[in-house]
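Read through the structure below, which is laid out as C-alpha cells, and then see the notes.
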Amino acid sequence: MHYTGNEVFFDRNDLIVSKTDLKGLLTYANHTFLEMAGYEESEVIGQPHNMIRSPYMPRAVFELLWTTIAKGEEIFAYVVNLTKTGDHYWVIAHVTPSRENGSIVGYHSTRRVPNPETIKTVIEPLYDQLKAIEDNNPSKKDGLQESVAALMSVLSDKGVSYNEFIASLAKDD
C-alpha cells in the first residue's frame, strides 16, 4: 500500500467499533470503521485487525496492548491507522477482552476522536522516538525490546502506569 501522508478525520460524535477473535482476526466492524478504513465488510471480516495498521505505529505500543488484554485487562492507547487508499487517521482506542462463561473469547475495541494537540505535542514525538529505536536496530526482536524498555522508562520517570499516562492525556479529548 502506498502511504499518502494525508490525514482523514471522523466526526467527534462517531465511534469506531470492532471485535476480534483471540488471534486478532476481525469478527465485527461497525459502519464508521468501514467508512474510515475504506473497506467493505466482506473485505475485513476474518482478516487480521492489523490490516489497518500504520507502518508509523511503534510495535512497542502493540506489544503492551496485546500483553495487557491477554491478561484480561483493559487498555487505552493512541493509535494511527491506515485506510485502504493509504491515508491515515488517529484514534484513542479502548480495548477490552470479551468473555463468555468467564473465559476470554476475543477482544472489543471502541475508538473515538483524539485531541489533535495531544497527538502533535505528546504522542507523535513519543512514537517517533519509539519507532526510531525499533527501526535502527538490525534485530526486530531486540529493537522491540529496546522500544518497550524506552516506553517503560518514560512511564517510570513520570511515576505512572501506561493507562494512567494515557488517561492524563485523554482528559482533554
I want to confirm something. Restricting to segment 109-127 and keeping residues that are more than 15 Å from the chain's Cα centre (by Cα) and not polar (S, T, N, Q), which single residue is surrounded by the most Cβ atoms within 10 Å (Cβ to Cβ)? Val122
As an exercise: evaluate Glu146 against (1) over 15 Å from the mean Cα position of the chain (by Cα); (2) surrounded by fewer than 16 Cβ atoms within 10 Å (Cβ to Cβ); (3) not small (Gly, Ala, Ser) and give the number of the one condition it does not meet. (2)
Go over the candidates Ile92, Ile133 one by one and state the one that is outside any strand (DSSP E or B) and surrounded by 19 or more Cβ atoms within 10 Å (Cβ to Cβ). Ile133
Take segment 83-130 and flag every residue that is touching a Lys or Arg at 6+ places or on another chain (Cβ under 8 Å), among the small types (Gly, Ala, Ser) and more than 26 Å from Lys158 (Cβ to Cβ). Ser98, Gly106
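Condition check ((1) among the acidic types (Asp, Glu); (2) in contact (Cβ under 8 Å) with a residue 40 or more places away in the chain) across all residues:
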{"position": "Glu35", "(1), (2)": "yes, no"}
{"position": "Ile52", "(1), (2)": "no, no"}
{"position": "Pro58", "(1), (2)": "no, yes"}
{"position": "Ala70", "(1), (2)": "no, no"}
{"position": "Val79", "(1), (2)": "no, no"}
{"position": "Gly102", "(1), (2)": "no, no"}
{"position": "Ser109", "(1), (2)": "no, yes"}
For segment 31-50, enumerate the residues that are surrounded by fewer than 16 Cβ atoms within 10 Å (Cβ to Cβ) and within 29 Å of Glu164 (Cα to Cα). Pro48, Asn50
Could you say which residue among Arg99, Arg59 is of a type in the set (Lys, Arg), more than 25 Å from Ser42 (Cβ to Cβ) and within 13 Å of the chain's Cα centre (by Cα)? Arg59
Anything in segment 95-123 that is in a loop (DSSP other than H, G, I, E, B) and among the aliphatic types (A, V, I, L, M)? List them, or say none. Val113
Considering residues of segment 67-89 that are farther than 25 Å from Lys120 by Cα and either crowded, with 19+ Cβ neighbours inside 10 Å or not charged (D, E, K, R) (or both) only, the residue modelled with the lowest pLDDT: Ala70
Residue pairs qualifying under the 8 Å Cβ cut-off, at least six apart or on distinct chains, with the first in segment 121-133 being closer than 14 Å to Ala77 by Cα and the second being modelled with pLDDT under 95 and in a helix (DSSP H, G or I), are Val122/Leu169; Ile123/Leu169
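The values are calculated or read from the model by the stated rules, or taken from the named source; none is laboratory data. Just so it is clear, the model here is predicted, and its values are computed rather than measured. So basically every Cβ, Gly included, is an ideal-geometry build from the backbone, and we count neighbours across all protein chains shown.
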